[in-house]
Amino acid sequence: MVKSKPAAKKSPARTPARKPPVARKPAPAKKSAPPKEKFTDEYRDYLERYHLTGEGRPRLTPGEFERLDEEMLELLERQAEGRLDDEQLIRIQELEYLLLDDE
């Protein structure tokens, strides 16, 4: 009788070792949008006019707009009283151009 070789012991199938979980950095906090600036109604109206017809003209900041608007109101008041000189009339035209106010 021929002796057969003993069957080789099969090692149990190994499951791949799991990698330890990788420590992840927490997701960066979403940057909140900067708070919307609170503009006056007049300045918002100006921005609307600027968007529609302001091409080629300088865009005024809220502070510039307020300063020029006040100057315009003072000149219009003087005009209503009939106390304007030629330079002031020209200044009204300049302000109308800058403020996009052609009324």
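Rule-based calculations on the coordinates, nothing more; no lab input. Just so it is clear, the model here is predicted, and its values are computed rather than measured. Positions of Cβ are generated from backbone atoms using ideal geometry, with glycine treated the same way; all protein chains shown enter the neighbour counts.
Test of the criteria: in segment 38-79, which trypsin sites (Lys or Arg not before Pro) are in a DSSP loop and have at most 16 other Cβ atoms within 10 angstrom of their Cβ?
Numbers: sites: Lys38, Arg44, Arg49, Arg59, Arg67, Arg78; in loops: Lys38, Arg59.
When the trypsin sites (Lys or Arg not before Pro) of segment 38-79 are filtered for loop state and at most 16 Cβ neighbours within 10 Å, Lys38, Arg59 remain.
Find the Cα radius of gyration of segment 60-103, compare it with 2.2 N^0.38 Å by division, and give the number to two decimals. Don't skip to the end; give the middle numbers.
Values: Rg = 10.3 Å, N = 44, 2.2 N^0.38 = 9.3 Å.
Normalised by 2.2 N^0.38 Å, the Cα Rg of segment 60-103 equals 1.11.
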